[in-house]
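What follows is one structure encoded as structure tokens, with my remarks underneath.
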Amino acid sequence: MLAVGVGILGLVYWYVTPHDEPPPPPPPPPVTASVTASAPPPPAPLSRGCRVVGIEGRATRLTVDQAVGRALGAADAGAGPFVATGEALDGSQWVALDQPGFAVPRLMLKDARSGREVAFSYGALVRPCIGDGDAWLVTGRYRALGGGDAPGNEAWVVTPLGAVRGGVAVAAWKKSDLPVLEVRLDAGAPALWLAKGVDVELRPVDEAGDAAPPAPSDAGPKPKAPAPETVARLQGSWMLVATVTEPLGTKETLSALTACEREARAAASAAAAIASPGRGVDGAEVAAHMTRRLAARAACSVAELRLALQPGPAGDGGAGLAARLEEAKKSAFSGASP
């Protein structure tokens, strides 16, 4: 009995006497829901074309038929999906710019290769980002915002009346359903090529209604109006205004195509002469060849735009005119683009 009592007392002592024990395991961490917002992936880099970097107003894509309808003044030509900031344009799309809620709508683009930034504004009907950054401008305003226009790398702005290279301020619009072209000559001494049958007037900038114009006395000597179907460079505080008295139709499109073919032949002939075996390099001949290439590029671009704006798949004459145009371009521009 004594042994049992001692055992019971020992057991009680063990329970009531403090002693070291291993610490309890730590509680598991609380389970919380974690939501991490991932940033959208950056847009894929472009090798050609351009990217939309800003829109003020509303820009919509157009099919060729819709663009032709708008160019011809159709009120119900229709429109396609909206253009959004960050989208890529590859030079094949027509874009219309409208202005609901914006006094001056703008579409701002950046060229993928040169980094050139440009803006189209007002009621622009344009096919931008063609080739090396060229643009077809039927109506609206074009302005270069900076970058990418080093000598020899200027973009062409092509309108139904002519083409402008290296300029930073060009406007195309209609008056009584007839196209009008305006070019600021004090904005980069642009190269101009005007089609046959275009009337030209030079006005001081303030008379053209531009913002913050210089006084007429500051306009400088009035430049000579350029001859049609030639490349000219003009400068000074003047606005060149080009107009026509008749609507542009098949006859005018054929005239531009004929100029394209003529200048293409001249450019190809000059290139062949320079490349003849045994001939030294003549600086004057090289300069003349480059001028011919510029004229061919401008003439063929105007012809292509006019052809695109003719009703029907390829205007009156169909594939025949398009084939002539492609053949002329091929013969003139087998080397680097002018």
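The values are calculated or read from the model by the stated rules, or taken from the named source; none is laboratory data. Keep in mind it's a predicted model, so treat the numbers as computed, not measured. When we count neighbours, we look across all protein chains shown, and the Cβ atoms used for this are built from the backbone with ideal geometry, even at glycine. Ligands, DNA and RNA are excluded from the accessible area calculation, which covers all protein heavy atoms including side chains. Shrake-Rupley method; radii C 1.70, N 1.55, O 1.52, S 1.80 Å.
Please work out if GLY167 is surrounded by fewer than 22 Cβ atoms within 10 Å (Cβ to Cβ), closer than 16 Å to LEU294 by Cβ and at pLDDT below 90.
Details: surrounded by fewer than 22 Cβ atoms within 10 Å (Cβ to Cβ): no; closer than 16 Å to LEU294 by Cβ: yes; at pLDDT below 90: yes.
For GLY167, the condition - surrounded by fewer than 22 Cβ atoms within 10 Å (Cβ to Cβ), closer than 16 Å to LEU294 by Cβ and at pLDDT below 90 - is not met.
Taking only segment 60-98 into account, find how many residues are among the hydrophobic types (A, V, I, L, M, F, W, C) and part of a loop (DSSP other than H, G, I, E, B).
Restricting attention to segment 60-98, the residues satisfying the condition of being among the hydrophobic types (A, V, I, L, M, F, W, C) are 62, 64, 67-68, 71-72, 74-75, 77, 79, 82-84, 88-89, 94-97.
Imposing the further condition that a residue be part of a loop (DSSP other than H, G, I, E, B) reduces the set to 72, 74-75, 77, 79, 83-84.
Number of matching residues: 7.
Across segment 185-202, what is the number of residues that are open to solvent by less than 40 Å² (accessible area, probe 1.4 Å) and at negative phi? Please lay out each step first, then the result.
First, pick out the residues of segment 185-202 that are open to solvent by less than 40 Å² (accessible area, probe 1.4 Å): 185, 187, 189-195, 198, 202.
Subsequent filtering for residues that are at negative phi retains 185, 187, 190-195, 198, 202.
Total satisfying the criteria: 10.
In segment 261-279, which residues are in a loop (DSSP other than H, G, I, E, B), open to solvent by 50 Å² or more (accessible area, probe 1.4 Å) and among the polar types (S, T, N, Q)?
Within segment 261-279, no residue meets the criteria.
If a residue has to be outside any loop (DSSP other than H, G, I, E, B), hydrophobic (A, V, I, L, M, F, W, C) and touching a residue at least 24 places away in the same chain (Cβ under 8 Å) to count, how many in segment 280-313 make the cut? Full working, then the answer.
First, the residues of segment 280-313 that are outside any loop (DSSP other than H, G, I, E, B): 283-308.
Restricting the remaining residues to those that are hydrophobic (A, V, I, L, M, F, W, C) gives 284, 286-288, 290, 294-296, 298-300, 302-303, 305, 307-308.
In the following step, the residues that additionally are touching a residue at least 24 places away in the same chain (Cβ under 8 Å) were identified as 290, 294-296, 298-300, 302-303, 305, 307-308.
So the answer is 12.
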